Structures are given as structure tokens and as C-alpha cells.
Amino acid sequence: MRFPVLSRFLHPDPRIRRELVELLYTSLPQVAAIGVTSVTGALALTLISGDPGYAVISLCIFIMATARVVSLLRYKARAAQFTDADVVRWERLYGAGATLFSLTLGALSFRALQLGDGPGAWVSFGLSMSYCVGMVSRAAIRPWIILTASAALLTPIMIAGMMRPELAYNIGAGMLVLFWLTLREASKHLSAAFTERLETKHRLARQATHDFLTDLPNRAGFLQALSGMAGHFTVVAIDLDGFKPINDRHGHHTGDDLLRQVAERLTACVGADGVAARFGGDEFMLLKPVASAEQGRDEALALARKAVFDLSMPYLLVDLPVCIGASAGIAVSHATLAGITTAQLLERVDRALYVAKRAGGGCAWADGEVEQSCCPRSAPFSMDPAAA
């Protein structure tokens, strides 16, 4: 089920959205405290006055307070398995719970004003204001929750105030509109500041693991992805052949454009389940899950060959078509990597890469101490007229 009005408040980055929702669900002590306080206050009014309306509202407050505590505990127990869609649903669930609880507190104030119960109005309004302050402190990161819940809380109080014959109550009801507008502005500013801080944190974290030029993972990002691999996989080292002459002849801007196009082709080559990374200069790495045994070797070789072939296709740089070549070193986890460290793995793949380069381009395997070149390619050529 979609909520178009609320969807515009959702942060487009799923990682930041998840962090914001997780912060909502860390408010168990505050939610439990306001729940206990509200139930105690409502029960006290019921016992003092004997009013059945107070009794019904007290029961509703107890039910909603209990439901909110249970939802907080359930989120904490299950959050690790939630998908991005689950996170959005739980944010809406939190908003619904806060709004319904607000409505019960508003109903308590409404009943007190309806009865002309001055002490009861004082107690219930005090509970409402305490709840508003606490809600801003813990839920301002999601402004739509503040706006919806505070409206549900204040609307019954404003209606009851306008129904009273005394002018002071009418003025007080009108002032609650200004109070709601103040809550809205406060929540918007707090949310913007906090979200900006999270975005900065994620941006800095990404800069530490991604190459600024191509936006591919850098060495640190690749090693991070490699450490998280399970099952069988292949590692392919790629080195461009003929990149330096183009970079020297046409300038770094042209070379940067070429590297960005190389990154796009390698990203498409590895697909959604693979990783293409830039180690620096014109050296790249591919990481992709493969099947076991010979089928995995075939998949790894096919990936390396496709990468070499795709990179050899012409590029258009400032209206100038050029071609480069590429060499590849290949390793497969079940055939090559048993019992070796990450550093040893990268060293073997690099050695295989240099075997391929000495063979004139193409691909080379790294199988233990034996390295065999395969699918050699001719040296890269240039369509640059200035090179003729």
C-alpha cells in the first residue's frame, strides 16, 4: 500500500533511511515512561471522578502504550533481517502508533474540558505537553510523524476549547494552532540538520572506499567486498594497454574521460552480483561469484575474455575515436586460493596479469605455482589520426 503524501518525506538513500528509522526505535525508555505516566494520570482522574468516559479513555491509553512498547521490542529483535521495504513499513507503523497514542491523550483533555473538570484539564494538558516535548526530542528526525501525531493530539483539545463559553478557552484553543506551527518548524530544522550530518558521514565513508574519478570501489572498497565473499568466486586483474600514450598526447582530461568509460564497461561486464574496482592508474579488479569445479573456471575465463573484448572496442573522446587494449590475470577461489592470504591472492593475480601482458595482451591463469597464458590478443591499436 502506498502513501503518496508520506512518501515525499522518505529519504532517497536506503542506508540513511534505515539509520533514521533505527533511531526512532531506540526510544524505548522515553516511550515507556510517557506511557506509564499517561496511564497513571488517566487512572487517577477516573478514580477521583468516577466518570465512565475517563475509564474508557484510560483503557485506550493503556492499550496504545502497551502496543507501542511491544512494537519497539519487536523491531529491535528483527531489524537485522529487514529489507528496505520493511524499514519503510516500520517507519509508518511507528507513525501510526504515535498518532493513535496522541489521539487518546487528546481525548483525555477533551473529556476534562467537556466536564468542566479544572484539575483534570490541568493534569491531562500537562501530559499532552510533556508528550509533545518528548516527541520532538526523539522523533523530529522524521517530521511527518511530528506533524501528524501533534495534530491528532491538539485537534480534540482545540475543539473542546472552542466549545467552552469562556473567552479564555477560545483564545487558548487558537493559540494551540500557533503551537503546532512552532512544532512543525522545529521538527523541520532538526530533521534537516540531523539528516545533513548523516549524509556527510556516509559521503565521507564512501570517499574512503570509492575512487573519486570513476566512482568505482577503490582498493579498500575492493578488499572490503572480497572479505565478504562466500562460496566460489573469481578475481580478475585488468590492466589497460595503450592508455599512457593517449593520456600523454591529449591531456589528463581526455585520459580521465577514457577511464570513466572503462569503468562503465567493466561495471556492465560484471553485472549486478559482481564488483568492478579501480586500484589506481589504469589498473582495475573484477570480483564475481562463480560455480564450482570446471564450470567456475569456464565462467571466470568467459568474464575475463568479455572484459578484454569490451575494453578493446572504440571509445569516443572529444569527438576523437580511439582504441586501447587490455590484459587480464585470473584466479578462481576453489582452484587457486585455498589457504592463502588476501595479499598472496593479489600477488598471484598480478603475476598472472604480467604473464598476459608479456604475451601481447589477453588473459592468463594463476593456478598455484603454475601460470599458463591463454587467449592472447594482439597489441592494442589507435584510431587517433595524430598517431599516424
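The values are calculated or read from the model by the stated rules, or taken from the named source; none is laboratory data. Just so we're clear, the structure is a prediction, and the values are computed from it rather than from any experiment. Ideal geometry is used to build each Cβ from the backbone, glycine not excepted, and the neighbour counts take in all protein chains shown. Only protein heavy atoms, including side chains, enter the accessible area calculation; ligands, DNA and RNA are left aside. Shrake-Rupley method; radii C 1.70, N 1.55, O 1.52, S 1.80 Å.
Of all accessible surface on the range 11-166 at a 1.4 Å probe, what whole percent is carbon and sulfur?
Values: 5030 of 6890 Å².
That fraction is 73 percent.
Would you mind telling me the share, in percent, of accessible area of the range 300-361 contributed by carbon and sulfur at probe 1.4 angstrom?
On the range 300-361, the fraction of accessible area on carbon and sulfur atoms equals 59 percent.
Among all the lysines, which ones have a C-alpha under 22 Å from LYS188's C-alpha, if same-chain residues fewer than 8 places away are not counted?
Excluding near neighbours in sequence, the set is LYS201.
Report the accessible area of ASP282, computed with a 1.4 Å probe over the heavy atoms of all protein chains in place, in Å² rounded to the nearest 10.
40
Can you give me the solvent accessible area of VAL70 with a 1.4 Å probe, rounded to the nearest 10 Å²?
Rounded to the nearest 10, the figure is 70 Å².
Can you tally the net charge around GLN114? Count Lys and Arg as +1, Asp and Glu as -1, for every other residue whose Cβ sits under 15 Å from the Cβ of GLN114.
Neighbour charge sum, excluding GLN114 itself: -1.
Figure the gain on full extension for ASN170 and SER137 (residue separation times 0.36 nm, minus the Cα-Cα span) and round it to one decimal in nm.
Details: separation 33, 0.36 × 33 = 11.88 nm, distance 2.88 nm.
Between ASN170 and SER137, full extension yields 9.0 nm more.
In nm, to one decimal, how far is the ALA302 label point from the ALA359 one, both placed 7 Å along Cα→Cβ?
It works out to 2.0 nm between the two label points.
How charged is the neighbourhood of THR209? Take every other residue with its Cβ under 12 Å from the Cβ of THR209, and add Lys/Arg as +1 and Asp/Glu as -1.
Neighbourhood net charge equals +2.
Be a star and scan the range 38-55 for residues whose amide nitrogen sits under 20 Å from the point 7 Å along the Cα-to-Cβ vector of LEU73.
Within reach of a label on LEU73: 38-40.
Relative contact order for the chain: what is it in percent, counting Cα pairs under 8 Å that are at least 6 residues apart?
In percent, rounded to a whole number, it is 11.
Size of the dipole of the chain about the Cα centre, Lys and Arg at +1 and Asp and Glu at -1 on the beta carbon, nothing else charged, in debye to 20?
In total the dipole reaches around 1140 debye.
Of all beta bridges DSSP finds with both residues in the chain, what is the antiparallel percent, to the nearest 5?
Given both bridge residues lie in the chain, the antiparallel proportion sits at roughly 85 percent.
Can you give the calculated 222 nm mean residue ellipticity of the chain, where each DSSP H run of n ≥ 4 adds -39,500 (n - 2.57) and the sum is split over every residue, rounded to the nearest 500 deg cm²/dmol?
Helix contribution divided over all residues of the chain: -22500 deg cm²/dmol.
Identify all lysines with a Cα-Cα distance to LYS357 below 18 Å; exclude those on the same chain that are fewer than 8 residues away in sequence.
In chain and number order, the partners are LYS244, LYS306.
For the chain, count the residues as N, evaluate 2.2 N^0.38 Å, and divide the Cα radius of gyration by that value, please.
Dividing the Cα Rg of the chain by 2.2 N^0.38 Å gives 1.50.
Over the chain, with the other protein chains present, what is the accessible area per residue in square angstrom, probe 1.4 angstrom?
49
Less than 15 Å from a label point 7 Å out along the Cα-to-Cβ axis of ALA33: which backbone N atoms in the range 132-147 qualify, by residue?
132-139
Please give the contour-minus-distance gain from THR209 to ASP256: 0.36 nm per residue of separation, less the Cα-Cα distance, rounded to one decimal in nm. Walk me through the numbers before you get to the answer.
Working: separation 47, 0.36 × 47 = 16.92 nm, distance 1.91 nm.
Stretched out fully, the THR209 to ASP256 stretch lengthens by 15.0 nm.
Accessible area, 1.4 Å probe, largest first: how do PHE62, PHE233, PHE222 sort?
The most accessible residue leads, giving PHE62, PHE233, PHE222.
How far apart, in nm, are two points set 7 Å out from the Cα along the Cα-to-Cβ line at VAL177 and at GLN224?
Modelled inter-label distance: 5.0 nm.
Straight-line reach from LYS76: which aspartates and glutamates have Cα under 18 Å away, leaving out those fewer than 8 places along the same chain?
Cross-link targets: GLU19, GLU22, ASP84, ASP86, GLU91.
With unit charges on the beta carbon (Lys/Arg positive, Asp/Glu negative), name the residue among HIS232, ASN218, LEU198 whose Cα is farthest towards the positive pole of the charge dipole of the range 166-238.
The residue sitting most towards the positive pole is HIS232.
Taking the alpha-carbon centroid of each part, what is the distance from the range 107-145 to the range 253-321 in angstrom?
60
Let me check I've understood the local charge: for ALA96, count other residues with C-beta under 13 angstrom from its C-beta, Lys and Arg +1, Asp and Glu -1. What total comes out?
That works out to +3.
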